[in-house]
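Heads up: the structure comes next, in structure tokens.
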Amino acid sequence: MITDIASYLRFFDTVRRRTDRDVAALPAEAAAWRPPAAGGEAGWSIGDIVGHIGGTRLYFASAYRGEGWITTKSEMDRDDQRTWLPWLQTSAERFVALLRDTPDTWLTRRIEMVDTPGSLSGWRMLMMMLEHEVHHRSQIDTYAGLQGWPVPHIFERSFESIDALQSAQHARYRR
């Protein structure tokens, strides 16, 4: 459980930096790429997803602050890749500014859900926001991989580099 807003914001910063890194790694052709014809979110372009990530940060901040589950329109052009990172950075700065001075006690207060009966604690709702961001970052990375574009390693390590260390680990830790 997250017990203070400063710790949460430090964790948010690590998540949003990985999102920025992965979006920055996209080649120029990513702006024109579209998934196969599909309805709803399944048909979103990468630019649509980037805009959505930034906007939902502010959506969750609004709900956390008790100001309603209010959506924010993205301030970028989905077809202009040069606007993607500035929007992600702007939304992150606004998100932090909206949460930074909130009382730590808000992390345990209940927040009414917008679309289902019931409520959840503030810290859980903020973790939902992070899971949402990771979900859509993974969607972008999957699209990139399917197109043969570079996909950054999540923690600067590849499976192959860890796999190469397994013999030494087994030798060291076998009982």
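Any read-out appearing in this document is the output of simple, stated calculations on the displayed coordinates, not a laboratory observation. From a predicted model like this one, the values you see are computed outputs, not experimental measurements. Cβ coordinates were reconstructed from backbone atoms using ideal geometry, including for glycine residues, and neighbour counts include every protein chain displayed.
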Principal semi-axes in Å for the range 37-108 [√(5λ), Cα gyration tensor, largest first]
26, 15, 8
Along the range 53-70, what does the Karplus equation 6.51 cos²θ - 1.76 cosθ + 1.60 (θ = phi - 60°) give for ³J(HN,Hα), rounded to whole Hz, x for Gly and Pro?
4, x, x, 6, 4, 6, 4, 5, 4, 4, 5, 4, 7, x, 9, x, 7, 9
Taking Lys and Arg as +1 and Asp and Glu as -1, residues besides residue 100 with C-beta under 14 Å from its C-beta add up to -1
In what order do 75, 133, 160 fall by count of nearby beta-carbon atoms within 10 Å, going from fewest to most?
160, 75, 133
Residue 72: net charge of surrounding residues, Cβ under 9 Å, Lys/Arg +1, Asp/Glu -1, itself excluded?
+2
Pick from 161, 91, 62 the residue whose mean-square fluctuation is largest in a GNM of the chain, springs joining Cα atoms under 10 Å.
161
How large is the Rg to Rh ratio of the chain when both quantities use alpha carbon positions and Rh follows Kirkwood?
1.04
What dipole magnitude, in Debye to the nearest 20, does the chain give about its Cα centre under +1 on Lys/Arg Cβ and -1 on Asp/Glu Cβ?
640
Sorted from largest down, what three extents in whole angstroms do the Cα atoms of the range 88-159 have along their principal axes?
44, 29, 24
In whole Å, largest first, what are the principal axis extents of the Cα atoms in the range 132-175?
41, 24, 14
